[in-house]
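I have placed the structure first, in the form of C-alpha cells, so that the comments after it can refer back to it.
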Amino acid sequence: MWKPSQRIKYAPTPGFWPNQAEARDSQLFQPITYQALTLRDRTWVPAMVPWRALETGEVTEDNVDWYGRFARGKPGGLVVEATGIRDVPSGPLLRIGHDRFIPGLTRLTDRVRQESQGDTKLFIQLIDFLAVRRRPEPAKFLNRFLAITESHRQALGLENASEEDVRLALQKLSPMELSEILTTREIEALNYGQRERVTDTHLPHIADLPKQLPALFAQAARRARTAGFDGIELHFAHAYTVASFLSRTNDRDDSYGGCAEARVKLALEIIDAVRSTVGRDYVVGTRILTEECIPGGSTIDDSLYYAEQFAHQGLDYISLSRGGKFDDAKQPKVGWAVYPYTGPSGYECMPQYLSDEFGPFGRNLSPATVIRKHLHRSGSTVPIIVAGGIHNFDQAERAIDSGSGDIIGFARQALADPDWFEKVRQGRGNEVRLCVYSNYCEGLDQKHKQVTCNLWDRSALNEPCKKTEDGKRRLIAPDWP
Ligand SMILES: Cc1cc2nc3c(=O)[nH]c(=O)nc-3n(C[C@H](O)[C@H](O)[C@H](O)COP(=O)(O)O)c2cc1C
Ligand code: SF4
C-alpha cells in the first residue's frame, strides 16, 4: 500500500474508558430512530469483505461464523460485505443476484439475530462492479489479447501483413517503442490488466448500464428483505460502478455523464426502483465518498450536492467513506488484478499507522461535519455514519459531539476486537484489544486471502479454533472470557 512520505508513526490510544453508568449516559450509547431505521445505540460496523464465500457466491459456514462473531459484540448496526447484485463469477465474494442465494443469506441473518439476541440490526451492502482482468504476461497480451487494428499496422508499416506477423513485430519492440504504437488504454491493459469503465459507451453492455442497474439493485433488495436483513446499503462509494457514474471523471456523452445533475441521475433512478420494490417501511441507506482524493475527481462540493439529493429522495441513512479508487492504484504484479486501495486515494480510505501530519485517526471527520451541517441547513436530519481510524470511546463521543456524525463506524477496530461494544457498554473498556492499524488485514484482502487480524493470533493462536486454509491463522477472533 502507498504511504505518505513523512512516515510518522502513530499508535492507538485507549483514552478514557467510561464505567457502565457513564457509558449508558453517553451520546454513543443513545438509541436513534429516523424513518425506518431504529438502532439501540450509535455504534456501527461498516462492510468488510472477509473472502469466505463459495466460488459460486453462496454463503459458507465460515461466513455465518464471521458475522455471528461480530454479532456477539452487539454493535447497534452491522453491515454485511459488498455483495454482488449479479450472478456472475467473482471469486469467493457473496452474491445476491439470484433467488438461489436466499437460503444461505437467511442462515446468516438467523445467526446474527440469535448471537446478538436481536440487539444488532443487520444490513447488506449491495454492489455492482465492472470487469477487471489480471495483469497479463506481456507476450501473452501481444499474442492473444490485444485486438490488432489498422493503426497498429500503419505504425509498423505492415499494412498488408498477416495478423500473426503484426503480433510478432510488436513482440520485438521495446516498452518505449510499444508506448508509441499502442493507445493509452492498450498500454494500461498491458501494464495493469484490462479494466472496463462506465465511459466505455461503445460497449453495448456499458451503454445499457442505466437501463439494467435499477432493476438489478431492486431485485437484490427484494431478496435481502426476504432473507431477513433489516435493510440494505447501496454501495455508491470507492471504485465501483455507481461511484464511477458519480465521479467527476464521468464524461459519458448520454444523459448520465458530464454535469453533477447528469452524474447523479442513475443513482436516483436506482433509489427509486429499490424503494418501489421494498417499500417505505424498510431501511434503504447508501455509502458514498466525501472526497474521491484523486486528481480531477469529485470533491466535497459534489458530495454536498449528492448527499442532499439522496436525503431528499428519502434514504434512511448516509454512510461516508473516502478515496479507494482504481485511478491512482499501484501497478499489480503479473497475474494479479489492480486493487483500488494501493494508491494515495486507497490510503485515505484505510489509513495505516505510518502517516503524515494529519495521522490515520479521523481523516474523514472534517468533510463529514461539512456534509452533515449542509444537510441540516437544507432541512434534512438523515443520520450520517462516519468511519476511519476510530478506536476509542473519546474519539467516538467527540465525533458525535462536534457534529461529524450521528452514528460511528468502527471497521478495523471491530475486526481486531468484535467485543469492543459490549466491553465498553459494561464499563470494561480496559479489556479492549486496540487495532494498531498495521493493515495486515487489508493486505490479505488485496491478495484475495481469508481476512483475519494478526492480533488474534498473538493473543490466542494455540486455543482450539478453526484455522485458515494455510493452517497458520485463527479464522475467528478469540472469545472474550
Ligand atoms: C478487510 C477490509 C475489507 C473491506 N471491505 C469493504 C467493503 O466491502 N465495502 C466497503 O464499503 N468498505 C470496505 N472496507 C472499508 C471499511 O468499511 C472502512 O471504511 C475502512 O476500513 C475505514 O474504517 P476503519 O478505519 O474503521 O477501518 C473494507 C476494509 C477492510 C479492512
Ligand atoms: S490486522 Fe488487526 S490490528 Fe492490523 S489493521 Fe487489521 S484489524 Fe487492525
For this session: Would you please list the contacts, defined by Cβ atoms under 7 Å and residues six or more apart or on different chains, that run from a residue in segment 457-475 that is in contact (Cβ under 8 Å) with a residue 24 or more places away in the chain to a residue that is outside any loop (DSSP other than H, G, I, E, B)?
Result: Leu475/Asp62; Leu475/Lys467
Exercise. Condition test on Val436, is it part of a strand (DSSP E or B), modelled with pLDDT of 95 or more and within 14 Å of ligand 1 (Cβ to nearest atom)?
Worked result: no
For this session: Evaluate the following for Asp251: is it more than 20 Å from the chain's Cα centre (by Cα) and closer than 18 Å to Ala239 by Cα?
Result: yes
Seminar exercise, completed: How many residues of segment 394-414 are surrounded by fewer than 24 Cβ atoms within 10 Å (Cβ to Cβ), closer than 17 Å to Tyr437 by Cα and of a type in the set (A, V, I, L, M, F, W, C)? The answer is 1
Exercise. Which residue, of Val59, Val64, Val45, Val49, is more than 16 Å from ligand 1 (Cβ to nearest atom), of a type in the set (A, V, I, L, M), touching a helix residue (DSSP H, G or I) at 6+ places or on another chain (Cβ under 7 Å) and in the same structural domain as Gln413 (by TED's automatic domain parsing)?
Worked result: Val64
Seminar exercise, completed: Going through segment 441-460 in order, the residues found to be crowded, with 18+ Cβ neighbours inside 10 Å and within 7 Å of ligand 2 (Cβ to nearest atom) are Cys441, Glu442, Cys453, Leu455
Exercise. Could you say which residue among Leu130, Leu28, Leu93, Leu78 is among the aliphatic types (A, V, I, L, M), within 16 Å of the chain's Cα centre (by Cα), crowded, with 20+ Cβ neighbours inside 10 Å and in a loop (DSSP other than H, G, I, E, B)?
Worked result: Leu93
Problem set entry | Pairs with Cβ under 6 Å, 6+ apart, first in segment 406-417 and over 22 Å from Thr369 (Cα atoms) and in contact (Cβ under 8 Å) with a residue 24 or more places away in the chain, second near ligand 2 (Cβ under 8 Å from one of its atoms) and outside any loop (DSSP other than H, G, I, E, B) | Leu415/Cys441; Ala416/Leu455
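Condition check ((1) within 11 Å of ligand 2 (Cβ to nearest atom); (2) assigned by TED's automatic domain parsing to the domain that holds Gly314) across all residues:
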residue	(1), (2)
Gly379	no, yes
Ile390	no, yes
Ser404	no, yes
Ile407	no, yes
Phe410	yes, yes
Leu415	yes, yes
Pro418	yes, yes
Glu422	no, yes
Ile476	no, no
Problem set entry | Enumeration of residues in segment 5-20 that are touching a Leu at 6+ places or on another chain (Cβ under 9 Å), not in a loop (DSSP other than H, G, I, E, B) and not charged (D, E, K, R) | Ile8
Exercise. Just wondering, is there one or more residues in segment 105-126 that are at negative phi, surrounded by 23 or more Cβ atoms within 10 Å (Cβ to Cβ), in contact with a His (Cβ under 9 Å, 6 or more places away or on another chain) and not in a helix (DSSP H, G or I)?
Worked result: yes
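The values are calculated or read from the model by the stated rules, or taken from the named source; none is laboratory data. These numbers come from a predicted model, not from an experiment. For neighbour counting, all protein chains shown are included, and Cβ atoms are generated from backbone atoms with ideal geometry for every residue, glycine included.
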